[in-house]
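See structure below.
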Amino acid sequence: MHRGKGMKFVGDSRVLAPEQRKQKLPKDYSEYPGKTEAFWPNFLLKEWMVGAVFLVGFLCLTVAHPAPLERIADPTDTGYIPLPDWYFLFLYQLLKYTFASGPYTVIGAMIIPGLAFGGLLLAPFLDNGPERRPMKRPIATGAMLLALAATVFLTWQSVATHDWAAAERQGKIVEKVAIDKSSAGYKVASANTCITCHGDSFQGGAGAPTLIGTGLSAAEVAEIAKKGKGGKMPAGIFKGTDEELKTLSEYISGLGKK
């Protein structure tokens, strides 16, 4: 049959005409009026304003609640109980367990944290699928929840098991007092090994508290010297006479009093 006589040609509707074909380009920012702004100075100025508000708030907080200060650090005091800042408490608690302390300190200090942070560093390469829903990524979601639970638990354990009363006592700032080492009370204390634990100026050390400004009466000091206190100071350390005990108790009771 001749063209145009009894036959009709129908084009494929799936194929667009040349004039209908448009290159798919990302939308220009001008198509979002009111939702975009210039980085300089509009956006950067807003960031600076937010930063200034937080800075002023932080400064007000430091003025209202100044950082607690402790006595000058004494590297010879092996009885000092350290406590790191809150963001390291979980690692601090980890080093208390048997499998991560003592001869195995390298496990708690390097191997376990190294594996955790190494896994976090490799996470984008190990889990690079297109799925974004947590339920569709069980391995990544489970690892994240496990790490979060471990961090929260170890932080809570560190705070709950820390001896806050002992930490307050050991960090107490004590006014320096001139010690008369030629006095009878000091000689009795030296003869009964008091200065071995409490320091040659009774400043405290080796787990023993300071004896300056204790607020104890002479009778209370004498009772502690004979019977001990709290397990850290056993009974029977004082070996002197009753007269020496009286001299010692009166001397220690008077330390730091004005």
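The values are calculated or read from the model by the stated rules, or taken from the named source; none is laboratory data. The structure displayed is predicted, hence computed values, not measured ones. Neighbour counts are summed over all protein chains in view; Cβ atoms, including those assigned to glycine, are modelled from backbone coordinates with ideal geometry. Ligands, DNA and RNA are stripped out before the accessible areas are found, and what is left, the full protein with its side chains, is counted by its heavy atoms. Shrake-Rupley method; radii C 1.70, N 1.55, O 1.52, S 1.80 Å.
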Give me the percent of Cα-Cα pairs in segment 112-258 that sit more than 29 Å apart, rounded to a whole number. 46 percent
Return the distance in nm (one decimal) between the two label points of a simple spin-label model at Met49 and Asn128, each offset 7 Å from Cα along Cα→Cβ. 4.1 nm
In nm, spacing of pseudo-spin labels at Phe153 and Ala219 (7 Å Cα→C-beta vector): 5.2 nm
Taking θ as phi - 60°, what are the ³J(HN,Hα) couplings along segment 91-101 by the Karplus curve (6.51, -1.76, 1.60), each to the nearest whole Hz, with x for Gly and Pro? 6, 4, 5, 4, 6, 8, 7, 4, 6, 10, 9
Listed residue (Ile173, Gly129, Leu145) projecting farthest to the positive dipole end of segment 124-185, Cβ model: Gly129
Looking at segment 64-147, which chymotrypsin sites (Phe, Trp or Tyr not before Pro) are in a loop (DSSP not H, G, I, E or B) and have at most 14 other Cβ atoms within 10 Å? Tyr97
In a Debye calculation with equal point scatterers on the alpha-carbon sites of segment 37-98 and no solvent, what is log10 I(q)/I(0) at q = 0.14, 0.22 Å⁻¹? -0.74, -1.00
Extension gain from Lys172 to Glu70, taking 0.36 nm per residue of separation minus the Cα-Cα distance: 36.1 nm
Taking only the C-alpha atoms, wrap a convex hull around segment 83-197 and report its volume per residue in Å³ as a whole number. 169 Å³
Go through Leu255, Leu69, Leu95, Leu145 and list them by solvent-accessible area, largest first, probe radius 1.4 Å. Leu69, Leu145, Leu95, Leu255
Report Thr241's accessible area, 1.4 Å probe, all protein chains in place, as a number in Å² to the nearest 10. 80 Å²
With +1 on each Lys and Arg Cβ and -1 on each Asp and Glu Cβ, how big is the dipole of segment 134-258 about its Cα centre, in debye rounded to the nearest 20? 500 debye
HN-Hα J couplings of segment 134-151 from phi, Karplus 6.51/-1.76/1.60, θ = phi - 60°, integer Hz, Gly and Pro as x? x, 5, 8, 10, x, 5, 5, 5, x, 5, 5, 5, 5, 5, 5, 5, 5, 5
Carbon and sulfur atoms: what percent of the 1.4 Å accessible area of segment 109-171 do they account for? 74 percent
Under 5 Å between amide hydrogens, which residues at least 5 positions from Gly199 or on another chain qualify, with H placed 1.01 Å from N in the peptide plane? Gly204
Those GluC sites (Glu not before Pro) in segment 86-190 that DSSP places in a loop and that have at most 11 other beta carbons within 10 Å: Glu131, Glu175
So with the 1.4 Å probe, I'd like the accessible area per residue for segment 192-255, rounded to whole Å². 55 Å²
Solvent-accessible area per residue, Å², over segment 40-102 with all protein chains present [probe radius 1.4 Å]: 83 Å²
